[in-house]
Amino acid sequence: MLVVSIRNEFGRTPHDVLTNIPLSPHLQVITHTIPQIGDKRKLLDLALKNVLYHKKETTEKKGQQQQALQERSQRVLLKLQQDLQLKTLPLHIECFDNSNLQGTNPVSSLVVFKNGVAAKKDYRHFNIKTVEGPNDFASMHEVVFRRYKRLLDEKADLPDLIVVDGGKGQLSSACDALKELSLYGEIPIIGIAKRLEEIYFPQDSIPIHIDKKSESLMLLQRIRDEAHRFAITFHRDKRSKNTFQSQLEEIPGIGKETMVKLLKTYKSVKKIKAADLDELAKLIGQHKAATLKNYLG
């Protein structure tokens, strides 16, 4: 509300407000006028014209900015198509990354970019189900197979380009998964190795190097870094959750249902320790709350 804005900015309330509509009831204490003729009406009409002009100018500016972003994305994708010698423009790109800490809690992530922009609602996490221990190649095979098996089953759109975070080993494992699904050769796939930012193609022993200043390489790096960030975040959350559960499992009388309640509410043992006894009692009952507090000191 303009009146409130003026009061906040200048520390005063206008003595009289010209308006083209009645003020809401809680502002009726402010003196206001709805002029119909004369100089005040001309002043009000001028103010309305200024508002409409500003609104139109803002809308046009936003449209120009959006068009500039679209043109830039199109230019970068065309450059990527040329650099990778792709048959079609890579409007839909998917990238996989694995994460584990000394072989514990292995997870994978999938990020999706559409028209050169992150499509975060399409991101996916994967818990590794079939691999024992720290086997990055087998983990990559599992998640790539699961992802595209599901898309085939759902008759969903397949990507224009698959990116694997890693070198020839990870790329080879991903290709094996595509072969099992009869998708190998249908979808372009590359691996990107972090150390020298080398781009690997299936069956090519020598990687290619895209100019470090190229916008297409910068896009691939941004996609790869986003997949890595997403995987690391999920891995940390999972490791924290497992640590939380293992600590609570040692406490007599704290069952699975109680652990779920505590996990949803507090996220960590540290927060449980800091919680008030009455607060805990409301969530899990007086007896369990006292047991928990005594055990955690």
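The values are calculated or read from the model by the stated rules, or taken from the named source; none is laboratory data. Bear in mind the structure is a predicted one, so any value in this text is a computation, not a measurement. Quick reminder, even Gly has a Cβ in these numbers, built from the backbone with ideal geometry, and neighbours come from all protein chains shown.
Return a yes/no flag: does segment 93-116 have any residue that is closer than 30 Å to Glu71 by Cβ, of a type in the set (A, V, I, L, M) and in a loop (DSSP other than H, G, I, E, B).
No, the conditions are met nowhere in segment 93-116.
Is segment 211-218 home to any residue that is modelled with pLDDT under 90 and under 13 Å from the mean Cα position of the chain (by Cα)?
Checking segment 211-218: not a single residue is modelled with pLDDT under 90 and under 13 Å from the mean Cα position of the chain (by Cα).
Of the numbered conditions (1) surrounded by 18 or more Cβ atoms within 10 Å (Cβ to Cβ); (2) without any contact (Cβ under 8 Å) to a residue 40 or more places away in the chain; (3) under 25 Å from Thr233 (Cβ atoms), Cys175 satisfies every one except a single condition; which is it?
For Cys175, the exception is condition (3).
For segment 124-143: of the residues being among the aliphatic types (A, V, I, L, M) and not in a loop (DSSP other than H, G, I, E, B), which is nearest to the chain's Cα centre (by Cα)?
Pass one, segment 124-143, residues among the aliphatic types (A, V, I, L, M): 128, 131, 138, 140, 143.
Applying the additional criterion that residues be not in a loop (DSSP other than H, G, I, E, B) yields 138, 140, 143.
Working: Ala138: 26, Met140: 21, Val143: 19 Å.
The residue in question is Val143.
For segment 127-172: of the residues being farther than 24 Å from Arg222 by Cα and of a type in the set (Val, Ile, Thr), which is surrounded by the fewest Cβ atoms within 10 Å (Cβ to Cβ)?
The extreme case among them is Thr130.
Does segment 116-139 hold any residues that are of a type in the set (Ser, Thr, Tyr) and in contact with a Gly (Cβ under 6 Å, 6 or more places away or on another chain), and which are they? Before the answer, list the steps.
First, the residues of segment 116-139 that are of a type in the set (Ser, Thr, Tyr): 123, 130, 139.
The answer is none; no residue qualifies.
Among the residues that make up segment 237-255, is at least one of them at pLDDT below 95, of a type outside the set (A, V, I, L, M, F, W, C) and buried (at least 19 other Cβ atoms within 10 Å of the Cβ)?
Step one: filter segment 237-255 for residues at pLDDT below 95, giving 237-255.
After this cut, where a residue has to be of a type outside the set (A, V, I, L, M, F, W, C) as well, the list is 237-243, 245-247, 249-250, 252-253, 255.
Subsequent filtering for residues that are buried (at least 19 other Cβ atoms within 10 Å of the Cβ) retains none.
Within segment 237-255, none of the residues are at pLDDT below 95, of a type outside the set (A, V, I, L, M, F, W, C) and buried (at least 19 other Cβ atoms within 10 Å of the Cβ).
Which residues, counting only those in segment 256-276, are assigned to a helix (DSSP H, G or I) and at pLDDT below 70? Show your work before the answer.
First pass over segment 256-276, keeping only residues assigned to a helix (DSSP H, G or I): 256-266, 269-274.
Residue satisfying the conditions is Val269 alone.
Residues being under 41 Å from the mean Cα position of the chain (by Cα) and not basic (Lys, Arg): count how many of those fall in segment 33-63.
11
Out of the residues in segment 28-54 that are in contact with a helix residue (DSSP H, G or I) (Cβ under 8 Å, 6 or more places away or on another chain) and surrounded by 14 or more Cβ atoms within 10 Å (Cβ to Cβ), state the one that is modelled with the lowest pLDDT. It would help to see each step written out before you state the result.
Step one: list which residues in segment 28-54 are in contact with a helix residue (DSSP H, G or I) (Cβ under 8 Å, 6 or more places away or on another chain), which gives 30, 33, 35.
Those left that are additionally surrounded by 14 or more Cβ atoms within 10 Å (Cβ to Cβ): 30, 35.
Values: Ile30: 62, Pro35: 82.
Ranking the candidates gives Ile30 first.
Would you pick out the residues in segment 178-217 that are part of a helix (DSSP H, G or I), touching a residue at least 60 places away in the same chain (Cβ under 8 Å) and out of contact with any helix residue (DSSP H, G or I) (no Cβ under 6 Å at 6 or more places or on another chain)?
Leu217
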